[in-house]
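**Student:** Got a structure for you, questions after.
What follows draws every value from the coordinates through simple rules; no lab data is involved. Not measured: the values here are computed from a predicted model. Every residue, glycine among them, receives a Cβ derived from its backbone with ideal geometry; neighbour counts consider all protein chains shown.
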Amino acid sequence: MAKYGEGVISVYDMPHDEEFEHRTLSGRTVTVGGRIIPVAREVDVCVVGGGPGGTAAAVSAARAGAKTLLVERYGHLGGMATGGLVNIIPNLADIEGRQWIGGFCQELITRLKNRGAADYPPQEQWGRSDPVLVSKYERAGMTHFYIRKNAEDRKIVLYTAVIDPEVAKDELNVMVKESGCELLLHTLCAGPILEGNTVRGVVLETKSGPQAVLSKIVIDSTGDGDLVRDLDTPKDEYMRPGSRIAQFGWVYWIANVDLDAFDEATAKDPKLWPSLMQKIREEGGRPFFSRGLLEHQKGVVWVHRLVGSMHQTEPEEMTYIDTTARHTAVHSWELLKKYVPGFENSFIMLSAPQLGTSGGRRIIGEYYLSEMELDRTEPYEDTIAVFADNDRGDASVTHTHTFIPYRSLIPAGIDGLLVACRAFSSDYEFQEFFNLIPHCMCLGQAAGIAAALAVRLGTDLRQVPYAELKKELLRGGAILP
C-alpha cells in the first residue's frame, strides 16, 4: 500500500496498483473511420446514456441475465431527474386516479421514499378533490404538475412525485451495482460500430484514450438519439415553435429562504408581491419560484426557467443559453435578496450541471406514433407501456391514457439497436405530451428486457416474442393492459 504523509487526513481508498487488477485491453482492435481502436470490453448489452431511460434499461437487462455495460458522460446517473434538477416525476396516474406507470419508476420512488427522499400525495387522494392538498400545491406554484379538473369540473390531485436528486444519484448507483451491471461514468460515446446495417458496438472516448466495446445489442438512451445521428435510418427533428419540447430548462435552487416571513409580509399587504414582481421584471430579473416540497429541505425554493430553443443539439445555442440563463438566474436572486422579505439571507444552493433538454432528434421507426394516436382507445398487440394522458385539457378527460408499442423503439432498417429515450419513434405532437422522465423509464425497462431476451434466445430484436417480453415486464412491476 502506498504511504501518505502525516498531513493527509483523507486517503484514497481504491486499491492501488499492486493490489488491484486493472482491466486490460483484449488485444483485439477494430477500425472505425480509419482509426484503429483497441477493444476494451465485449458484452451482451451496451447501454449508452445513464439518464432515466438508460439506467432503467441497464438495470433491467442485467436483471434479466444479460452481461451489461452502462456508459454515462457525466459523473452521475439520473440525467434530467438529477443533473438537470428536473426532480418532478409527473403523471404517474390519470385524472381518475388509476396508476399507469409502475415498474422501475415506481421502484425508484419507493426506494427513495424509504430514505426520506421522495414526496407525493397519499394514494387515497389520487384523482380526488381534496381542498387542503389542492391549496398546498397551488400555493407551492406546482399546479401544472399536481392539479387538474375532472369531468365534473372539480380540481383533483394527480399522482406526481418529487425526489431528492442527490439521494437519487446514490440510489441509482446502488440499483445498478445490485443488478450486476458494469458502470462507466465520465465516458463519452463517440458513435456506433457498424457491420453493414447492424450495430456491433460503440466507440468510447476516455481520458485513457479511445476504446471500443463490442456488444450483441446496443441501446441508445442518450436522449437526443446521438447514436442514430449518422445512421442510414429516417429521423425527424421538427418542433413546433413555442411548444413545450422547443424549450431548454435552466433550473436552480435557492436556500435559506424564510418563507414564514415572506408569507407574513405578503398576507399583510396583498399588493406587495405583485408590485415587487413587477419591479424585479423592470430591472431585468425573473421573480417566479416554486416552494420545494421535500420535508428535509425547509427554506428551499426551486426556480425552473424555460428558454425557447429550436436547436437543442447545437453547441453554440447551448452555450449561449447556458451563459445567458445563468446570468439572469444570479441577477434574479440578487433582486429577490434585495427587495423581497424572507430572501435577505438566502443563497443559490445549486444550479443544474445539465441543461434541461426537452426535445430534439427522433427516429421514424418500425411504428411511428403520430398526433392521431393520441386518441387511440385500443392497446397495440405489442404494448410495452401505458401513459396517463393528463395534459391535453378536455381531451384528457375523455382519453385518460395512451399506449406505446415495442416497435416504436426499433429504428427502421437498422439491426442490433434499440432507442429508449425521448428519441423514440414519434412526431412532435406526440412528443409534446409523452417524452417525460417517467415515460423514458418505461421505455428503458422494456428495451433492457427485450435486449436480454434477444441475446438469450439468439434472435433478432424484431423477433423477440411479445408474450415473453410482457411476462418479464409484468414481473418487473410494469402496468400493462
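**Student:** Considering only the other residues whose Cβ falls under 13 Å of the Cβ of Tyr339, what net charge follows from Lys and Arg at +1 and Asp and Glu at -1?
**Tutor:** 0
**Student:** Still on this structure: To test your reading of the geometry: what angle, between 0 and 90 degrees and rounded to tens, separates the Cα axis of helix 272-282 from the longest principal axis of the chain?
**Tutor:** Roughly 60 degrees, rounded to the nearest 10.
**Student:** Enter the angle in degrees (range 0 to 90, nearest 10) between the Cα long axis of helix 437-457 and the first principal axis of the Cα atoms of the chain, meaning the one along which they spread out most.
**Tutor:** Between the helix axis and the principal axis of the chain, the angle is about 10 degrees.
**Student:** Separate question: Express the C-alpha Rg of the stretch 348-454 as a ratio against the empirical globular expectation 2.2 N^0.38 Å, rounded to two decimals. Before the final figure, lay out the partial values.
**Tutor:** Details: Rg = 14.7 Å, N = 107, 2.2 N^0.38 = 13.0 Å.
In units of the globular-protein estimate, the stretch 348-454 measures up at 1.13.
**Student:** Taking 0.36 nm per residue of separation and subtracting the Cα-Cα distance, what length does fully extending Glu96 through Lys298 add?
**Tutor:** On the way: separation 202, 0.36 × 202 = 72.72 nm, distance 3.15 nm.
This chain segment gains 69.6 nm when fully extended.
**Student:** From the phi angles alone, apply the Karplus equation (6.51, -1.76, 1.60; θ = phi - 60°) to the stretch 314-331 and give each ³J(HN,Hα) in whole Hz, x where the residue is Gly or Pro.
**Tutor:** Ordered by residue, 3J(HN,Hα) equals 8, x, 5, 5, 5, 5, 4, 5, 4, 6, 6, 5, 5, 4, 5, 4, 5, 5 Hz.
**Student:** Separate question: What residues have an amide H closer than 5 Å to that of His401, excluding those fewer than 5 places away on the same chain, when H is modeled at 1.01 Å from N in the peptide plane?
**Tutor:** Those qualifying (amide H under 5 Å, at least 5 residues apart or on another chain) are Asp389.
**Student:** Measure off 7 Å from each Cα along the Cα-to-Cβ vector at Phe347 and Asn150, then give the distance between these two points in nanometres to one decimal.
**Tutor:** The two pseudo-label positions are separated by 4.6 nm.
**Student:** I would also like to ask the following. Would you mind checking which residues have amide H under 5 Å from Phe248's amide H? H placed 1.01 Å from N; only 5 or more apart, or other chain.
**Tutor:** So Phe248 has HN proximity to Val307, Gly308, Ser309.
**Student:** Set the bar at 20 Å for Cα to Cα. Now go through Lys67/Lys216; Lys271/Lys338; Lys279/Lys338; Lys235/Lys471 and name every pair that lies beyond it. Write out the running numbers ahead of the final one.
**Tutor:** Details: Lys67/Lys216 10 Å; Lys271/Lys338 18 Å; Lys279/Lys338 11 Å; Lys235/Lys471 31 Å.
With Cα atoms farther than 20 Å apart: Lys235/Lys471.
**Student:** Might you report the magnitude of the Cβ-based charge dipole of the stretch 247-357 about its Cα centre, with Lys and Arg at +1 and Asp and Glu at -1, to the nearest 20 debye? Walk me through the numbers on the way to the answer.
**Tutor:** Values: 11 positive and 14 negative charges, 40 e Å.
The calculation lands at about 200 debye.
**Student:** Output wanted: per-residue J couplings in Hz (rounded whole) for the stretch 377-384, from phi through Karplus 6.51 cos²θ - 1.76 cosθ + 1.60, θ = phi - 60°, x for Gly and Pro.
**Tutor:** 10, 10, x, 7, 5, 10, 5, 10
**Student:** Calculate how steeply helix 466-475 sits against the longest principal axis of the alpha-carbon atoms of the chain, using the helix alpha-carbon long axis, and give the answer as 0 to 90 degrees to the nearest 10.
**Tutor:** Compared with the principal axis, the helix lies near 50 degrees.
**Student:** Hey, another quick one. Please list, in chain and number order, the residues 5+ apart from Leu204 or on another chain whose amide H is under 5 Å from its amide H, with Hs placed from the backbone.
**Tutor:** Sorted by chain and number, the residues that satisfy this are Ala190, Gln211, Ala212, Val213.
**Student:** Work out from phi, with θ = phi - 60° and the Karplus expression 6.51 cos²θ - 1.76 cosθ + 1.60, the ³J(HN,Hα) of each residue of the stretch 338-350, listed in order in whole Hz, and give x for Gly and Pro.
**Tutor:** Rounded to whole hertz, the list is 6, 10, 9, x, x, 9, 4, 10, 6, 8, 6, 7, 6.
**Student:** Among all the lysines, which ones have a C-alpha under 22 Å from Lys113's C-alpha, if same-chain residues fewer than 8 places away are not counted?
**Tutor:** Lys136, Lys169, Lys177, Lys298
**Student:** If each of Glu195 and Ala265 carries a label point 7 Å out from its Cα toward its Cβ, how far apart are those two points in nm?
**Tutor:** Output for this residue pair reads 6.7 nm.
**Student:** Okay, next question. Would you order Val330, Val251 from fewest to most other beta-carbon atoms within 10 Å of each residue's own beta-carbon? Please report the intermediate quantities before stating the final value.
**Tutor:** Details: Val330 14, Val251 24.
By the 10 Å Cβ count, ascending: Val330, Val251.
**Student:** What order, most packed first, do the peptides 236-245, 286-295 have when packing is the mean number of other Cβ atoms within 10 Å of each residue? Each step should come with its number before you reach the end.
**Tutor:** On the way: 236-245: 14.9, 286-295: 18.1.
Ranked by mean Cβ neighbours within 10 Å, highest first: 286-295, 236-245.
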